[in-house]
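Worksheet for the structure shown next.
None of the figures in this text is laboratory data; all of them are computed from the coordinates on show. None of the values given here were measured: they were computed from a predicted structure. Positions of Cβ are backbone-derived with ideal geometry, glycine not excepted, and every protein chain shown enters the neighbour counts.
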Amino acid sequence: MTSPTASPVTAPRILARCRALVRPALSRAVRQLHPWHAEITAFSLGWDGVDGDDVPGAHGKGVRQALAVLGAEAVGAEARDAVPGAVAVELIHTFSLLHDDIMDGDETRRRRATAWKAYGTGPAVLAGDALFAQAVRTLTDAPGRQCAPALRLLAGTLTDLVHGQADDLLFESRPWTGPDAVRAQEYRLMAERKTGALLGCAAGLGALLGGAGRTEADALAAAGRHLGVAFQAADDVLGIWGDPAVTGKPVHGDLGRGKKTFPVLAALAAGGPAATELAALLRGGPLDEESVRRAAALVEEAGGRAAATAEAHGHLERARACLESVSSAPDAVEEMLTLFPYIVDRAL
């Protein structure tokens, strides 16, 4: 039990501890790439060179790394057992961001140029492919007898990831209303695949590499998947109403791009005058600055923002419930429970 004088275990402390544990192995994995790919990867990770320090404000929080480490600790294993899994999921996450930024046409991430803007589309695609291969190699080289189930989990995750990304892109060509409109349940499934699968994989890999049985590994993976849906709903709120100083993206950015996100879909499904006006506005084609502001107000008036917040909190509760069957190391589970709301509530 923590003594009254001990420093509180906060989410930032948890993330920092896990990043520090994983960073040496992650740097070694990046150094094994072609020097050009290593340079692009270091840039994407927010590092000052492959062996340099983090660039302030340009690096990620390391959420997936932390989930892998905590997944191992939650089943009573040593944190170091999870390091190959943590490295693999971070490489896959970086690969997905490199390709996502190209597909979405995003020119900035974490308040600086995306890799394809800095290095070109071809080099960014190739660097992503190299990261994909390196992630598989990292797990293949992991010690112990859990390599095969770990690889199976990663392979299934990659299938889900590209499936979810395909659905997300296809949603853009579907109408806002009518029988072919995107439904909330379709969006949830897309979010679980695109975002939740890798978070679930991180926690599940940590458990597997820590020697856990299938029941505990599956429970942790399910918790991560629910966390992913919660995170996506919260991120959708941030994509419309987020502070550009925090997000590094323009306010109402997702609306301006006509992106189908949970708050908008929920608002349209709610019915009523605000939903009717919103549908007419969206069907009218690209929105100018004034129309985007009006659309954001209508989404909120129709209940879209509240619905997305409720969606995030609902899946957060489901994620917590999944951890109830994991009891090998209560302190590590408690750290996961500390981390989960921090990840989601940043936008709410």
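For the chain, the residue among ALA11, GLY164, THR140 whose Cα projects farthest onto the positive side of the dipole built from Cβ charges is THR140. Given +1 at the Cβ of Lys and Arg, -1 at the Cβ of Asp and Glu and no other charges, the dipole of the chain around its Cα centre is 380 debye to the nearest 20.
Working out 0.36 nm times the residue gap between ARG174 and ARG111, then minus their Cα-Cα distance, what length gain in nm do you get to one decimal?
Values: separation 63, 0.36 × 63 = 22.68 nm, distance 3.07 nm.
Computed gain between ARG174 and ARG111 is 19.6 nm.
Nearest 10 degrees is fine. How inclined is helix 35-45 to the longest principal axis of the chain, computing both from alpha carbons? So the inclination is approximately 60 degrees. The stretch 29-94 and the stretch 273-348 have their alpha-carbon centroids 27 Å apart. Listed from fewest to most Cβ neighbours within 10 Å, the set LYS260, LYS61 follows the order LYS61, LYS260. Please give the helix 304-322 orientation as an angle from the longest Cα principal axis of the chain, in degrees from 0 to 90, rounded to the nearest 10. In the chain, helix 304-322 runs at an angle near 20 degrees to the longest axis. Scoring 324-335, 147-158, 185-196 by mean Cβ neighbours within 10 Å over their residues and listing the highest first yields 185-196, 147-158, 324-335. For the chain, averaging the sequence separation of C-alpha pairs within contact (under 8 Å, six or more residues apart) and dividing by the residue count gives a relative contact order of 19 percent.
Spin-label model, ARG318 to TRP36: label points 7 Å out along the Cα-to-beta-carbon direction sit 4.4 nm apart.
Ordering TRP116, LEU316, ALA233 by the projection of their Cα atoms onto the charge dipole of the chain, which places +1 on the Cβ of Lys and Arg and -1 on the Cβ of Asp and Glu, puts TRP116 at the extreme positive end. With angles folded into 0 to 90 degrees, how steeply does helix 330-345 sit against the dominant principal axis of the chain? Use alpha carbons for both and round to 10. Around 30 degrees separate the two axes.
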